[in-house]
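Below is one structure, written out as structure tokens, with a few remarks after it.
The values are calculated or read from the model by the stated rules, or taken from the named source; none is laboratory data. This is a predicted model, so every value here is computed, not measured. Cβ placement follows ideal geometry from the backbone for every residue including glycine, while neighbour counts extend to all protein chains displayed.
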Amino acid sequence: MNESNERITVLTIAGFDPSGGAGIIVDVNTINSFGCRPVAAITSLTFQNSEGVYGATFEGAESLRAQILPIIQEQSLAAIKIGMLPTAEMIFEVAHLIEERNLPAPVLDPVLRSSSGYALIEADAIEVLQSELFPLARLLTPNIPEAEALTGLKINDENDMRAAAAQLCEKGARAVLIKGGHLALELEAVDVLDDGGEVSVFRGAWIDAPPLRGTGCMLSSAIAACLGKELELEESVRRSKDFVTAAIRDAAKME
Ligand code: PLP
């Protein structure tokens, strides 16, 4: 395990939320918290605050390539986290870069909508995300609404989460972590990890806090940082979930 003083580099490919509630600012803070060096490529400039998303401009494939190439020419990446990736063109480009440059298999947060309901990916790009990037990812981290949208299943309990994760693995994902925070099952936050058929269930206290934005961004960045340090997937998920739980607890205390 690489937990030495050497500062590994973790790349986030995600949207920029100027208000800092989600996206790249959260990713960079999280990657720093895990003692890694953050580098970032912006897929979208969004316009939002704690109330909602008011709009977004999208980068193109050329911009994404132009952002990433100079970084990887200079330093090797230990891990990659992918968040908001709104167009088919950019998805193809990221898949191409990963294969062409032999980059680490990313942690892919399949961001579809903001909590307030704003579409953060074009409708025709969702299929491309599944066909091009799911098979290249080390892990997918959908929340319940995302897992429902991607599988067509209605998810009400832990068994449904297991079924959805298994279906996504059958469709070509190497591993899937379904985040159960939206269910609040008997005041437990239950997450289900399916690593190619090997299932682990993580149970944490469900904290009665006002919805904290950016927890999905935080979790996927934390997992990427841990994988970059060569921790096993299950241990990476455990440490990252603890990190997010602590952040939610801190936010609840502030209220
Ligand atoms: N904005 C950006 C740039 C994001 O990457 C995400 C989620 O990943 C969101 C907004 C959605 O965050 P929330 O669900 O907290 O609204």
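For region 1-19, which positions are out of contact with any helix residue (DSSP H, G or I) (no Cβ under 7 Å at 6 or more places or on another chain), assigned to a loop (DSSP other than H, G, I, E, B) and at pLDDT 95 or above? Within region 1-19, PRO18, SER19 meet the criteria.
Residue by residue, here is whether (1) farther than 24 Å from TYR118 by Cβ; (2) surrounded by fewer than 21 Cβ atoms within 10 Å (Cβ to Cβ); (3) free of Cβ contacts under 8 Å to residues at least 40 places away in the same chain holds:
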{"residue": "SER50", "(1), (2), (3)": "no, yes, no"}
{"residue": "ALA61", "(1), (2), (3)": "no, yes, yes"}
{"residue": "GLU74", "(1), (2), (3)": "yes, yes, yes"}
{"residue": "ALA79", "(1), (2), (3)": "yes, no, no"}
{"residue": "PRO86", "(1), (2), (3)": "no, no, no"}
{"residue": "MET90", "(1), (2), (3)": "no, no, no"}
{"residue": "VAL94", "(1), (2), (3)": "no, no, no"}
{"residue": "GLU99", "(1), (2), (3)": "yes, yes, yes"}
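Out of GLY152, GLY60, one residue alone is modelled with pLDDT of 95 or more and at positive phi. It is GLY152.
Modelled with pLDDT of 95 or more and not in a helix (DSSP H, G or I), is that true of LEU85? So LEU85 passes the test.
Annotation: of all residues in region 116-143 being in a loop (DSSP other than H, G, I, E, B) and crowded, with 19+ Cβ neighbours inside 10 Å, the one that is farthest from the ligand (Cβ to nearest atom) is ARG138. Here CYS217, CYS169 are screened, and the one residue that is within 24 Å of LEU129 (Cα to Cα) and either assigned to a strand (DSSP E or B) or out of contact with any Ser or Thr (no Cβ under 8 Å at 6 or more places or on another chain) (or both) is CYS169. Residues in region 7-51 that are on the phi > 0 side of the Ramachandran plot and away from the ligand (no atom under 13 Å from the Cβ): GLY35 alone. Working only within region 220-244, note down all residues that are in contact with a Ser or Thr (Cβ under 6 Å, 6 or more places away or on another chain), closer than 15 Å to LEU108 by Cβ and within 16 Å of the ligand (Cβ to nearest atom). Result: SER220, SER221, ALA222, ILE223. Within region 201-234, the set of residues being charged (D, E, K, R) and surrounded by fewer than 13 Cβ atoms within 10 Å (Cβ to Cβ) comprises ASP208, GLU232. Of all residues in region 29-62, those satisfying the criterion of being within 21 Å of the chain's Cα centre (by Cα), in a helix (DSSP H, G or I) and not β-branched (Val, Ile, Thr) are ASN29, ASN32, SER33, ALA61.
If you go through region 144-158 and pick out every residue that is away from the ligand (no atom under 16 Å from the Cβ) and in a helix (DSSP H, G or I), you end up with 2.
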